[in-house]
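Visitor: Got a structure for you, written out below as structure tokens; questions coming shortly.
The values are calculated or read from the model by the stated rules, or taken from the named source; none is laboratory data. What you see is a predicted model, and the numbers here were worked out from it, not measured in a lab. Quick reminder, even Gly has a Cβ in these numbers, built from the backbone with ideal geometry, and neighbours come from all protein chains shown. Areas reflect the complete protein model, heavy atoms only, side chains present, ligands, DNA and RNA absent. Shrake-Rupley method; radii C 1.70, N 1.55, O 1.52, S 1.80 Å.
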Amino acid sequence: MRRVDCFPVLFAVALSCTLAAAGQAPVPANALYKSAATPLEERVKDLLGRMTTEEKATMLSGSGWMESAAVERLGIPAIKMADGPLGVRSWAGSSSITNSVNNPAAKVTATSFPSGVAMAATWDTELVKQEGDAIGQEVKALGRDMILGPTVNINRVPLWGRNFEGYGEDPYLSARLGVAYIEGVQGEGVIPSVKHFDANNEEFERHRIDAHIDERTLNEIYLPAFKAAVEEAHVWTVMSAYNLLNGVHCGEDAWLLTDVLKKQYGFKGLVISDWGSTYSTAPTVNAGMDLEMPGGERMRNWMATGQPTAAGNGAGWLTADKVLAAVKAGEISEARLDENVSRILRVEFESGLFDHPHAGGGKVDTPEERAVALKGATEGIVLLKNEGGLLPLDAGKIHSIAVIGPNAAVARTGGGGSSLVRPKQSVAPLDGIKERAGAGVTVSYALGVGMEGENAAQDTAEARAVLLKEAADAAAKADVAVVVVGRYPKLEGEGFDVKTMDLPAGQDELIAAVEKANPRTVVVLNTGDPVTMTRWLDGTPALLDMWYGGQEGGKALAAILFGDANPSGKLPVTLPKRFEDSPAFGHYPGENLRVDYAEGIYVGYRYFDTKNVEPAFPFGFGLSYTTFEYSDLKVVHRIEFAGAVKTEGDVVTLKVKNTGTRDEAEVVELYVHDGHSKIDRPAHELKGFKRVELKAGETKTVQFDVDRAALSYWSPEKKDWVAEPGTFEVQVGASSRDIRLKGTLELKQ
Ligand code: BGC
């Protein structure tokens, strides 16, 4: 903990902090800010009024790798952070330290929740909120105060190394899930940090890449999840991104941090820098950066290695000495300093840090938390193909299963980097299947191919030939083969992009060989990014996408395979046939450290569906073990008055019936098509979804409210959202390419 009288950097300024602090009157026990009964803003004001300039200046940078600065004299606590967003991760230092299995400091274990893209595939906002709750509880149990998540960056390119962390390609879906996660975390009195603001959509040169994005695209695609986090969830902190946006580093972009975030959206919390993304003092503070991370000795040691600078990181610009010097020179006003500190204090008061510090010593990985992780992993599995009803497997009829693949016997819970949680326990697909299959079914295992780069001895041509033969033999002998393929943290993670959309070396050949040996083959994808499937898909009868399913992934997979749970997940991203088909192809990773988002608003299905490019599997798609019938679409215009305030909008209702024999959930999707607009608009845009649980034979009425915002586009001329009067088409369906019902609504003006 940094003490106000013991930091050496202040020697650089005339006033020593010790003297300043010593000159202060002692703080009375009944000081206003100390009482939880005092209104929040008064607490902030009272406390701020008692602080010296020096004390304020210490608060603008971290005191360590994962702690903000405390001011002991006044009882201001440090905010103790932990990485996320997919569970609580060790706070011992940078990923290079905490990734190491042998490092005792890294041995914090917690529930490993499914990757963000898997949670997005559930389309279950209630469940994501429960995940936020559970993570909040674990943060407190471990004595921390803040979780660095959710990640809501849009999956623009199939090769982004962090696609697995966020909620997919659609801004509306990302916004809904981001809000749910934040509400869950904040409900526990734990501080989330929605990240990375903004346009962190590739890892290639992530500290230097300059994303050039037009204003309409920013507002329609890359900002909405942050806007919703602020306006709806009232998020307490926002983390700026590493990259530059239209020529300016996000960490010192006054337009982004102040004009958009703080003024336009009304953000009252604090902006925190991504780790090592500051490059100046006054310009950064004046742009609206409130807290630089990391700080203290760890940061200085890290910078001293030279590695961060070589990679393009910057740090150590908001240290007290530099901030005070800038204040003295008039480059940072006292008012600005007060503004930064008030924001930090406001979040500390609001989250309850002053009144209920998190002592730690609690339990993690409780049965309840594990149940949330399991539910997420199960609901997130997407059934992409199921020819001849191969699935679900009937444990009473089959006698043997061959479980094959480099991701079969190892639990690949998540992608690499700061989100990778170390679970206490995890279930690999093979373990899950064995446990579920029971004594009557023989489960054999073959590696089939080593994971590329994991074990050099398995990567030779000879070793591959042997492994492939073993796998084909095992498949041939079994009633059913399950091949689990995908990537692992060294091939998919933070800090680098995935090299190719193709599966790692030898996995295509493995699938083809297993399918040849046994036509009853189920292929399971265990990866966060889309993969090329053209080499084997035609011969694949059954295909599941389990993403990275967290610690319970293997158990969830077994439940879906055997029909204990019914698949209800739907794709939160389009799966292209080839990378060349995806909208960002040709505009990635950029040249000379500049990437132009030339595809504009045509991201994901907005591109595929408008330009009629056939994907491997469309956005919103997912099969089930039952069938659903959609009927009776009605659109009713509604005007309501609450006193003098008039709200006007349309209510869309329809019926959904489970026409099969199994209880199952259906995700109903609502898209809006604007056919009369003066400007170019996508074929349609997602503006509503509902996950509906339906018993076999049951019918439910589903309702959506369509307001003006759902009909609007961003007008750069008007600098505002515009909905053009006229007829809009409302489309309801089971995927972006499976529209079952259509209706119209009229917008008068
Ligand atoms: C990542 C952030 C993470 C931070 C702290 C950065 O490299 O981009 O997402 O929260 O490190 O570990």
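Visitor: Which number in (1) of a type in the set (Gly, Ala, Ser); (2) without any contact (Cβ under 8 Å) to a residue 24 or more places away in the chain; (3) open to solvent by less than 30 Å² (accessible area, probe 1.4 Å) marks the one condition that residue 665 misses?
Guide: Residue 665 satisfies every listed condition except (2).
Visitor: Taking the stated definitions as given, is residue 36 open to solvent by 10 Å² or more (accessible area, probe 1.4 Å), hydrophobic (A, V, I, L, M, F, W, C) and within 16 Å of residue 354 (Cα to Cα)? Quick ask: steps written out before the conclusion?
Guide: Numbers: open to solvent by 10 Å² or more (accessible area, probe 1.4 Å): yes; hydrophobic (A, V, I, L, M, F, W, C): yes; within 16 Å of residue 354 (Cα to Cα): yes.
Considered against the rule, which asks whether it is open to solvent by 10 Å² or more (accessible area, probe 1.4 Å), hydrophobic (A, V, I, L, M, F, W, C) and within 16 Å of residue 354 (Cα to Cα), residue 36 comes out as yes.
Visitor: A further question follows. Among all residue pairs at least 6 apart or on different chains, which show Cβ distances below 9 Å where the first residue, located in segment 240-266, is among the basic types (Lys, Arg) and the second is within 16 Å of the ligand (Cβ to nearest atom)?
Guide: 262/271
Visitor: Which numbered condition in (1) open to solvent by less than 40 Å² (accessible area, probe 1.4 Å); (2) modelled with pLDDT of 95 or more; (3) in contact with a Leu (Cβ under 9 Å, 6 or more places away or on another chain) is the only one that residue 613 fails?
Guide: Checking residue 613 against (1) open to solvent by less than 40 Å² (accessible area, probe 1.4 Å); (2) modelled with pLDDT of 95 or more; (3) in contact with a Leu (Cβ under 9 Å, 6 or more places away or on another chain), the one that fails is (3).
Visitor: Just checking, which of 208, 216 is away from the ligand (no atom under 15 Å from the Cβ), out of contact with any helix residue (DSSP H, G or I) (no Cβ under 8 Å at 6 or more places or on another chain) and open to solvent by 10 Å² or more (accessible area, probe 1.4 Å)? Please lay out each step first, then the result.
Guide: Details: 208 fails: away from the ligand (no atom under 15 Å from the Cβ).
The unique qualifying residue is 216.
Visitor: Considering (1) open to solvent by 10 Å² or more (accessible area, probe 1.4 Å); (2) touching a strand residue (DSSP E or B) at 6+ places or on another chain (Cβ under 7 Å); (3) assigned to a loop (DSSP other than H, G, I, E, B), say which one residue 166 fails and leave the rest.
Guide: Exception for residue 166: condition (1).
Visitor: Also: For segment 505-519, state whether one or more residues are touching a residue at least 24 places away in the same chain (Cβ under 8 Å), among the small types (Gly, Ala, Ser), touching a Phe, Trp or Tyr at 6+ places or on another chain (Cβ under 8 Å) and open to solvent by 10 Å² or more (accessible area, probe 1.4 Å). Reasoning before the result, please.
Guide: Taking segment 505-519 and keeping what is touching a residue at least 24 places away in the same chain (Cβ under 8 Å), we get 505-518.
Okay, now just the ones that are also among the small types (Gly, Ala, Ser), so 505-506, 512-513, 517.
Now drop any that are not touching a Phe, Trp or Tyr at 6+ places or on another chain (Cβ under 8 Å), which leaves 512.
Imposing the further condition that a residue be open to solvent by 10 Å² or more (accessible area, probe 1.4 Å) reduces the set to 512.
Yes - at least one qualifying residue is present in segment 505-519.
Visitor: On the basis of being under 22 Å from residue 590 (Cβ atoms), surrounded by 24 or more Cβ atoms within 10 Å (Cβ to Cβ) and within 13 Å of the ligand (Cβ to nearest atom), does residue 161 make the cut?
Guide: Values: under 22 Å from residue 590 (Cβ atoms): yes; surrounded by 24 or more Cβ atoms within 10 Å (Cβ to Cβ): yes; within 13 Å of the ligand (Cβ to nearest atom): yes.
Judged against the criteria, residue 161 is a match.
Visitor: Among the strands (runs of 3 or more DSSP E) contained in segment 694-749, which hold 3 or more residues that are among the aliphatic types (A, V, I, L, M)?
Guide: On the way: elements: 699-706, 713-715, 720-722, 726-735, 738-747.
Filter on segment 694-749 gives 726-735, 738-747.
Visitor: Name the single residue that is nearest to the ligand (Cβ to nearest atom) among those in segment 60-103 being more than 21 Å from residue 139 (Cβ to Cβ) and assigned to a helix (DSSP H, G or I).
Guide: Only one residue fits best here, namely 96.
Visitor: Oh, and also: Take segment 270-285 and flag every residue that is away from the ligand (no atom under 16 Å from the Cβ), more than 11 Å from residue 249 (Cβ to Cβ) and not aliphatic (A, V, I, L, M).
Guide: 281 - this is the single residue of segment 270-285 that is away from the ligand (no atom under 16 Å from the Cβ), more than 11 Å from residue 249 (Cβ to Cβ) and not aliphatic (A, V, I, L, M).
Visitor: Further question: From the list 182, 147, 154, which one is open to solvent by less than 10 Å² (accessible area, probe 1.4 Å), in a strand (DSSP E or B), within 16 Å of the ligand (Cβ to nearest atom) and at pLDDT 95 or above? Before the answer, list the steps.
Guide: Working: 182 fails: in a strand (DSSP E or B); 154 fails: in a strand (DSSP E or B).
Exactly one of 182, 147, 154 is open to solvent by less than 10 Å² (accessible area, probe 1.4 Å), in a strand (DSSP E or B), within 16 Å of the ligand (Cβ to nearest atom) and at pLDDT 95 or above, namely 147.
Visitor: Right, next: Got a number for residues in segment 360-408 being farther than 16 Å from residue 560 by Cβ, in contact with a strand residue (DSSP E or B) (Cβ under 6 Å, 6 or more places away or on another chain) and not β-branched (Val, Ile, Thr)? Full working, then the answer.
Guide: The first filter runs over segment 360-408 and keeps only residues farther than 16 Å from residue 560 by Cβ, leaving 360-372, 387-388, 396-397, 399-400, 402, 404-406.
Imposing the further condition that a residue be in contact with a strand residue (DSSP E or B) (Cβ under 6 Å, 6 or more places away or on another chain) reduces the set to 400, 402, 404-405.
Next, only the ones that are not β-branched (Val, Ile, Thr) stay: 400, 402, 405.
Selection size over segment 360-408: 3.
Visitor: Could you check how many residues of segment 359-413 are touching a Phe, Trp or Tyr at 6+ places or on another chain (Cβ under 9 Å) and over 16 Å from residue 436 (Cβ atoms)? Give the steps one after another, and end with the answer.
Guide: Start the filter on segment 359-413 by keeping residues that are touching a Phe, Trp or Tyr at 6+ places or on another chain (Cβ under 9 Å), which leaves 369, 372-373, 376-377, 379-386, 389, 391-395, 402-404, 406-410, 412-413.
Still in the list and also over 16 Å from residue 436 (Cβ atoms): 369, 372-373, 376, 379-380, 382-386, 389, 404, 406-407, 410, 412-413.
Number of matching residues: 18.
Visitor: Taking residue 57, is it more than 17 Å from residue 551 (Cα to Cα), touching a residue at least 12 places away in the same chain (Cβ under 8 Å) and in a strand (DSSP E or B)? Full working, then the answer.
Guide: Values: more than 17 Å from residue 551 (Cα to Cα): yes; touching a residue at least 12 places away in the same chain (Cβ under 8 Å): yes; in a strand (DSSP E or B): no.
Answer is no for this residue.
Visitor: Kindly indicate which of 338, 321, 355, 274 is surrounded by 16 or more Cβ atoms within 10 Å (Cβ to Cβ) and not in a helix (DSSP H, G or I). Steps first, please.
Guide: Details: 338 fails: not in a helix (DSSP H, G or I); 321 fails: not in a helix (DSSP H, G or I); 355 fails: surrounded by 16 or more Cβ atoms within 10 Å (Cβ to Cβ).
When all the criteria are applied, what remains is 274.
Here is a yes/no grid of residues against (1) aromatic (Phe, Trp, Tyr); (2) open to solvent by 50 Å² or more (accessible area, probe 1.4 Å); (3) within 26 Å of the chain's Cα centre (by Cα):
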{"residue": "672", "(1), (2), (3)": "no, no, yes"}
{"residue": "677", "(1), (2), (3)": "no, no, no"}
{"residue": "688", "(1), (2), (3)": "no, no, yes"}
{"residue": "696", "(1), (2), (3)": "no, no, no"}
{"residue": "702", "(1), (2), (3)": "no, no, no"}
{"residue": "710", "(1), (2), (3)": "no, no, yes"}
{"residue": "719", "(1), (2), (3)": "no, yes, no"}
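Visitor: Out of everything in segment 231-256 that is crowded, with 24+ Cβ neighbours inside 10 Å and away from the ligand (no atom under 16 Å from the Cβ), what residue ends up being nearest to residue 718 (Cα to Cα)?
Guide: By that ranking, first place goes to 256.
Visitor: Within segment 286-304, identify whether any single residue is assigned to a helix (DSSP H, G or I), within 13 Å of the ligand (Cβ to nearest atom), at pLDDT 95 or above and not hydrophobic (A, V, I, L, M, F, W, C), and answer yes or no.
Guide: no
Visitor: Here's something else I'd like to know. List pairs: first residue in segment 288-305 and touching a residue at least 60 places away in the same chain (Cβ under 8 Å), second residue assigned to a helix (DSSP H, G or I) anywhere in the structure, Cβ distance under 7 angstrom, at least six positions apart or on different chains.
Guide: Qualifying pairs under 7 Å: 290/340; 290/343; 290/344; 291/344; 302/308.
Visitor: Shifting gears a bit: Assuming residue 54 fulfils every condition listed in (1) open to solvent by 20 Å² or more (accessible area, probe 1.4 Å); (2) in contact with a Cys (Cβ under 8 Å, 6 or more places away or on another chain) apart from one, which condition is it?
Guide: Only one criterion is unmet by residue 54, namely (1).
Visitor: Consider segment 133-144. How many of its residues are within 16 Å of the ligand (Cβ to nearest atom) and within 26 Å of residue 200 (Cα to Cα)?
Guide: Residues meeting the conditions: 2.
Visitor: So, one more: Pick out, from segment 376-447, the strands (runs of 3 or more DSSP E) lying fully within it that include 2 or more residues that are touching a residue at least 40 places away in the same chain (Cβ under 8 Å) and either closer than 21 Å to residue 549 by Cα or within 16 Å of the ligand (Cβ to nearest atom) (or both).
Guide: Working: elements: 382-386, 400-404, 442-446.
Output list reads 382-386, 400-404.
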